[in-house]
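The values are calculated or read from the model by the stated rules, or taken from the named source; none is laboratory data. Since this is a predicted model, take the numbers as computed values, not measurements. Positions of Cβ are backbone-derived with ideal geometry, glycine not excepted, and every protein chain shown enters the neighbour counts. These area figures cover heavy atoms from the full protein model, side chains too; ligands, DNA and RNA do not enter into them. Shrake-Rupley method; radii C 1.70, N 1.55, O 1.52, S 1.80 Å.
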Amino acid sequence: MAPETLDRLGRPLRDLRISVTDRCNFRCTYCMPREIYGAAFRFLPHAELLTFEEITRLARVAATLGVSKVRLTGGEPLLRRDVEELVRMLAGIEGVHDLTLTTNGSLLAAKAEALVAAGLQRVTVSLDSLDDRVFARLNDVDFPVARVLDGIEAADRVGLRPIKVNMVVRRGLNEDSILPMARFARERSYTLRFIEYMDVGHTNGWSLEEVVPSAEVLAAIDAELPLEPLEAHYPGEVATRWRYRDGGGEIGLISSVTQPFCRACTRARLTAEGVLYTCLFGTAGVDLRAPLRDGADDVALRILLAEVWASRVERYSELRSAATADLPKVEMSRIGG
Ligand SMILES: C[S@@+](CC[C@H](N)C(=O)[O-])C[C@H]1O[C@@H](n2cnc3c(N)ncnc32)[C@H](O)[C@@H]1O
Ligand code: SF4
């Protein structure tokens, strides 16, 4: 196992989330509101994106510092051309035991087979409602639920399991979808994870009133389908786990707003253009593309990464307050969730 690199609060580096594109075919209102991400928005030109070779090098160096989990994200990661080739390259890294991807599912039916053949182990699919009208109000591109379900089924068929489904709950929009989603996931043995609407970035105009606390989600489900708590799979797991008392599977609650988990956070995040952030709510990152393109060798990259991690102090969610609300935080579509 790689030697442990600890940050200033004693947290090891274990997970690397890699955003492979800042583009998306959805305009989820809580992530890429179309007033901002409209026709005039300038996405990154291709030359500014890290190449697959650059991403793989950074991931390999990160693995020598303790990273064992790699997740591809975005924007929508399946929009990056030949992303399965990147998966194949990452799957070959020694020390990476968990290789996964978070997707909106829109292209998953077409890609699932190629992804699994390349070495992807599992997927997380985001789906906020089973009701087309509600889903359309959230994705804001009229994307039909049925096509996301096709993607989830394709992933299930080819063995990208266990399948996790992420549902962001936003007050006044999709609370009525909580129970239908729970029943649906339970029937199919998918792990449904409810995510509190977070104040990532600035463009979504977040306000606390729109957050549905996980405790409320839990109570709503428990009233119909009784639940009991489960142990975490490993220290640092962000979702608290609950299982149905009748043995019908489990759900997860990701309560970044009401129960911050900064103390156990072991994640670093790389944007598509190679900026490394050590907090989802980061205001400043470290550019790794410049040293990569200036010819830094692996030893120099390793030292740089280790220094960045060793100086990490962030615990934004624990400090969240009126004073932090206006900080210039990085957008979710750049940092990947
Ligand atoms: C930024 S997306 C990127 C990957 C892919 N496009 C997707 O939607 O799964 C990753 C996750 O972040 C979640 N997300 C985006 N904005 C959020 C917000 N403001 N609060 C909570 N979760 C958010 C999405 O629902 C998704 O599950
Ligand atoms: S949450 Fe995912 S699908 Fe929705 S706009 Fe953001 S990146 Fe796209």
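Tabulated data
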| item | result |
| --- | --- |
| Prolate/oblate/rounded call for region 186-295, Cα gyration tensor, a/c under 1.5 rounded | prolate |
| Residues of the chain: accessible area per residue with a 1.4 Å probe, Å² | 44 |
| Full-extension gain in nm, Glu307 to Glu85, via 0.36 nm per residue minus C-alpha separation | 76.9 nm |
| Max mean-square fluctuation residue, GNM over the chain, Cα-Cα springs under 10 Å, options Tyr30, Tyr277, Tyr234 | Tyr234 |
| Residues in region 208-229 reached by a label modelled at Arg137 [backbone nitrogen below 16 Å; 7 Å Cα→Cβ] | 210-212 |
| Selection from Leu44, Gly95, Leu218, by position along the positive dipole direction of the chain (Cβ) | Gly95 |
| Sequence ranges 110-122, 55-67, ranked by mean other-Cβ count within 10 angstrom, highest first | 55-67, 110-122 |
| Portion, in percent, of the accessible area of the chain that falls on carbon or sulfur, probe 1.4 Å | 53 |
| Where Ser177, Ser207 fall by accessible area, highest first, once all protein chains stay in place (1.4 Å) | Ser207, Ser177 |
| Ranked packing of 210-219, 294-303, 267-276, most packed first, by mean Cβ within 10 Å | 267-276, 210-219, 294-303 |
| Spatial separation of Cα centroids for region 7-28 and region 88-153, in angstrom | 16 |
| Within the chain, percent of DSSP bridges classed antiparallel, to nearest 5 | 30 |
| For the chain, size of Cβ-based charge dipole, Lys and Arg +1, Asp and Glu -1, in debye | 360 |
| Most fluctuating residue given options Met89, Met32, Met198, as computed from a GNM of the chain linking Cα atoms under 10 Å | Met89 |
| Tensor-based shape of region 66-219 (alpha-carbon gyration tensor, a/c under 1.5 rounded, otherwise prolate or oblate) | prolate |
